[in-house]
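Just below is one structure, and these are the notes that go with it.
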Amino acid sequence: MEEKKKLLWDAIKHKPVRVPTMYRGEPPVNKRLVDYFNLEDIEKDWEKLAECMGADNYSDGETLGGFTTYFPKYIGPDFGTLFEINRFNIWGIKPVEIYAGGNRDVVFSKNPPLSESEDIDDVKNYPYPKLEWFDFSVYKNNSEQVAYQSEDEQQEIKISEFEPSDKYFLNTSCLNSIFMTSIFMRGMEKMLMDLLTNKKYAQTLIGSIGQFMLEFCKKNLASIGKYIDIYGIWDDFAGQEGLMLSPELWREYYKPWNKKIIKVAKSHGLLVCYHICGNCTPVLPDLIEMGVDILDPVQTSAKNMELSSLKKQYGKDLCFHGGLDIQRFLPYATPEEVREKVKSIKDLFEGQGGLILGPSHYITNDTPIENILAIYR
């Protein structure tokens, strides 16, 4: 196992190593940094960029591989919507593209397909997606390496025929956002009300979503599981102050499906990284119980998400991925303040593992390059 991957692996396993660092940035930030270091293109030069900056890894949201994450090739019907990597469109959700502050984003809350439905038969008879809409094949290419089609521009990502890569973390993460899919299909207010007052409707909808995602996970990992390192889950059900629903409701409706999916990932020997923004402390014991290894993004600007407190309570069981606030700190601090913050965090974790330090989310375009470089230097 190459040095940098081993360093991150040991940190995840809470071994006594130095604190590794990771970078992730919005496309305009990547472009600025690529130009700054006289590189050509982020997709070709992401390794060089990380090396030039002094970062140990280029991470993604719920994975440790911004450019080494696998998605089965979509071969299903054309829904006439813009491309969105998580494929929310196969549920009848229409993604909408917006631009703010030079960054592209996609939102899904406009006209939820079940927002006007009150009849449980509408849920039972809904045109749910089908597994045959995806090509899960793993195949040999001309160099005799196993390859897997990435959904992003359908490029091939090559992996060793016999074992996971020695150099990179290889990951998969797709179609497991059960809470988010349910609110995008039903609408936030109605879905949350259903959990309390229309339980049969809620159970039927969430069960239909969860069953498909569980079968998708089984099929995906049956194909790619032995070649990869990490299974990533993205499901944002928390805000700055706390969860969007009570912990009890999450445990009743959503946790059982998460637990089944994670069990499949664990049966393939995979690490599990769970992405949930905001204050998710009420369910951290549940994530640990289910087998989550890595928590992302550690949004320190949210209530109760200070790294020192998280380490004290959960640091023996979770590895934290992120930890540097991109909302209120990185864009506005001085480079010296960034260096001081990084030093204080490293002092907290140095020699103990349990942290991969980097921005809490993708660094935004209002962050000075000097502040970005100060993280790693």
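Below are the figures for this structure:
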read-out	value
For peptides 40-53, 309-322, sequence by mean Cβ density within 10 Å, most packed first	309-322, 40-53
Highest-fluctuation residue, Asn57, Asn279, Asn86 considered, GNM on the chain with Cα pairs under 10 Å	Asn86
Gaussian network model of the chain, springs between alpha carbon atoms under 10 Å - residue of Asp166, Asp56, Asp119 with greatest fluctuation	Asp119
Stretchable slack from Ile75 to Lys303, in nm (0.36 nm times residue separation minus alpha-carbon distance)	77.9 nm
Ala222-Lys343 pseudo-label distance in nm [points 7 Å out on the Cα-to-Cβ vector]	5.5 nm
Sites Arg18 and Asp286 - FRET efficiency at Förster radius 30 Å, r taken between beta-carbons, to 0.05	0.45
Asp10-Glu248 pseudo-label distance in nm [points 7 Å out on the Cα-to-Cβ vector]	4.7 nm
Kirkwood-based Rg to Rh ratio, the chain, C-alpha trace	0.95
Cα gyration tensor, the range 194-318 - rounded (a/c under 1.5), prolate or oblate	oblate
Under Karplus coefficients 6.51, -1.76 and 1.60, residue-wise ³J(HN,Hα) of the range 53-70 in Hz, glycine/proline x	6, x, 7, 8, 7, 9, 9, 10, x, 9, 9, 9, x, x, 10, 9, 10, 9
Efficiency of FRET between Glu40 and Asp366 - r from beta-carbon atoms, R0 30 angstrom, step 0.05	0.75
From phi via Karplus (6.51, -1.76, 1.60), per-residue ³J(HN,Hα) for the range 352-365 in Hz, x at Gly/Pro	10, x, x, 8, 10, 8, x, x, 5, 9, 4, 4, 8, 6
Gained length - Glu47 relative to Lys263, 0.36 nm times residue gap less alpha-carbon distance	74.5 nm
Extension gain from Lys199 to Phe67, taking 0.36 nm per residue of separation minus the Cα-Cα distance	43.5 nm
Cα-based reach from Lys200 at 16 Å (exclusive), listing aspartates and glutamates while leaving out same-chain residues under 8 positions away	Glu118, Asp119, Asp121, Asp122, Glu252
Flagged links, alpha-carbon separation over 26 Å, of Lys167/Lys303; Lys110/Lys259; Lys4/Lys31; Lys5/Lys226	Lys167/Lys303; Lys110/Lys259
Whole-Å distance, taken between Cα centres, linking the range 327-344 and the range 274-316	22 Å
Under-5 Å amide H pairs with Gly358, H placed in peptide plane, nonlocal only	Met22, Gly322, Gly323, Leu324
The chain - share of DSSP beta bridges that are antiparallel (%, nearest 5)	40 percent
Most fluctuating residue given options Ile230, Ile120, Ile261, as computed from a GNM of the chain linking Cα atoms under 10 Å	Ile120
Structure-based [θ]222 nm, the chain - -39500 (n - 2.57) summed over DSSP H runs of at least 4, per residue, nearest 500	-11000 deg cm²/dmol
Amide H contacts of Ala238 (H built 1.01 Å from N, under 5 Å, at least 5 apart or other chain)	Met244, Cys277
Partner aspartates and glutamates for Lys311 [C-alpha distance under 20 Å; skip if fewer than 8 residues away on the same chain]	Asp10, Glu62, Glu241, Asp286, Glu289, Asp293, Asp296, Asp325, Glu340, Asp347, Glu350
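Each value in this text was obtained by applying a stated rule to the coordinates, not by laboratory testing. Since we're looking at a predicted model, the values are computed, not measured. In this analysis, Cβ positions are derived from the backbone assuming ideal geometry, glycine residues included, and neighbour counts consider all displayed protein chains.
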